[in-house]
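Report on the following structure.
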Amino acid sequence: MKKGTLIIIAVVVVLALWGFSSYNSFISLNESVDAQWAKVETQYQRRFDLIPNLVNSVKGVLTQEQKIFGDIAEARTRYSGVTSANDKATAASQVESAFGRLLAVMENYPQLQSSTNVRDLMTQLEGTENRVSVERTRFNDMIRDYNVSVKKFPRNVLAGLFGFGERAYFEATTGAETAPTVNLQ
């Protein structure tokens, strides 16, 4: 064989290997982007599953405590507003009943947990939003790596031939700069 033919064959082999390598790289980067988006969606699902349950559990504790303290205040007011002994006895038993419920709650919760539960809710909300933010940032980092790979010359020519195009970054929706409101009412 001629020296020129060997050089042409060597160049074709090198280009073919480079093409296969580039194609496999595009596949790997594309799959990494898809996998990272799945992680973002997992954190979204965690948010959707966790937050309503946390809010409802805090609401339940707050409602229970508010009801008991409301019942105590109401019974006290009734007691101070009545004049007959029978009415005072009835009102006193209502105060005792409310105190009994309060003691039962205190046995289950050595300290009333409203502030602790609200603080825990806020901690979970913050942690959840941080997890979502971290995964979205990682997703955008992978999108950047992928997009750079498919845009740089000469790989952009192969990317176009193989059907790999630029992918979109995660972008916040309009109004995302406004913090969500958690309403426990």
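The values are calculated or read from the model by the stated rules, or taken from the named source; none is laboratory data. Computed from a prediction, not measured in an experiment: that's the story for all the values here. Here the Cβ is made from the backbone with ideal geometry for all residues, glycine too, and neighbour counts use every protein chain on show.
Taken as a whole, the structure leaves Glu171 outside the set of residues that are at pLDDT 90 or above, outside any helix (DSSP H, G or I), over 15 Å from Ala35 (Cα atoms) and of a type in the set (Asp, Glu). The residues in region 22-57 that are surrounded by 11 or more Cβ atoms within 10 Å (Cβ to Cβ), more than 19 Å from the chain's Cα centre (by Cα) and of a type in the set (S, T, N, Q) can be counted, and the count is 5. Based on what the data block shows, is Ser32 more than 27 Å from Arg136 (Cβ to Cβ) and assigned to a helix (DSSP H, G or I)? Answer is no for this residue.
For region 117-137, state whether one or more residues are more than 19 Å from Phe20 (Cα to Cα), surrounded by 12 or more Cβ atoms within 10 Å (Cβ to Cβ), more than 16 Å from the chain's Cα centre (by Cα) and at pLDDT 90 or above. No, that holds for no residue.
Look at region 27-43: where a residue is without any contact (Cβ under 8 Å) to a residue 40 or more places away in the chain, no partner that is part of a helix (DSSP H, G or I) and of a type outside the set (Asp, Glu) sits 6+ places away or on another chain with Cβ atoms under 8 Å. Restricted to region 45-54, and to residues there that are of a type in the set (A, V, I, L, M, F, W, C) and touching a helix residue (DSSP H, G or I) at 6+ places or on another chain (Cβ under 7 Å), the residue that is farthest from Ala172 (Cα to Cα) is Leu54. For region 23-44, residues that are farther than 13 Å from Tyr146 by Cβ and in contact with a helix residue (DSSP H, G or I) (Cβ under 8 Å, 6 or more places away or on another chain) total 6.
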